[in-house]
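Next up is a structure, given as structure tokens.
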Amino acid sequence: MVTVGLLATLHAAPGKEEEVASFLAGALSLAEGEPGTVAWFCFRIDETTFGLFDAFGDEAALQAHLNGDIAGSLMGRAGELLAKSPEIRHVQMLAAKLPG
């Protein structure tokens, strides 16, 4: 069961669009290594705008994700890759359909 999630919007710096896309796609293996991350999606909204959606079973798993490798790597390269700080919103999950 999932109870909480994160929705993040990222705006690539000019000329960094494909590097952001590659960075995000490459983070899949890190997400797969997070046992508390129930679902993880990265997507492209338009040429320069990207998104991430993550779902977690509880607040502790969400916090572990925020303190983990994906967030650390992204924030470490944000000044280089992004036009502005990521817009991150915590969401309360009301319902979900997951594989399994």
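Every read-out reported here was derived from the displayed coordinates using simple, explicitly stated rules and does not represent laboratory data. No experiment lies behind these values; they were computed from the predicted model shown. Heads up, the Cβs are rebuilt from the backbone with ideal geometry, glycines too, and the neighbour counts pull from every protein chain shown.
For M93, enumerate residues with amide H under 5 Å from its amide H, sequence gap 5+ or separate chain, H modeled in the peptide plane.
V4, G5
Pop out the ³J(HN,Hα) list for region 23-32 in order, Karplus 6.51 cos²θ - 1.76 cosθ + 1.60 with θ = phi - 60°, rounded to Hz; leave Gly and Pro as x.
Couplings: 4, 5, 4, x, 7, 4, 4, 5, 5, 5 Hz.
At most 15 other Cβ atoms within 10 Å and a DSSP loop assignment: could you name the chymotrypsin sites (Phe, Trp or Tyr not before Pro) in region 18-92 that fit? Don't skip to the end; give the middle numbers.
Working: sites: F23, W40, F41, F43, F50, F53, F56; in loops: none.
Those that pass, being in a loop and sparsely packed, number zero.
Taking every pair of distinct Cα atoms and averaging 1/r, then inverting, what Kirkwood hydrodynamic radius in Å comes out for region 60-100?
Result for region 60-100, one decimal place: 12.5 Å.
Taking Rh as the Kirkwood radius, which is the inverse of the mean 1/r over Cα pairs, what is the Rg/Rh value for the chain? Present the calculation step by step, with values, prior to reporting the outcome.
Details: Rg = 13.3 Å, Rh = 13.8 Å.
My calculation of the ratio gives 0.96.
A further question follows. Tell me which trypsin sites (Lys or Arg not before Pro) from the chain have a DSSP coil assignment and no more than 12 other beta carbons within 10 Å of their own.
Passing sites in the chain are K84, K97.
Given a cut-off of under 8 Å on Cα pairs at least six residues apart, what relative contact order in percent is computed for region 4-92?
49
Another question, if that's okay. Take D69, D46, D54 and order them by how many other Cβ atoms sit within 10 Å, fewest up front.
D46, D69, D54
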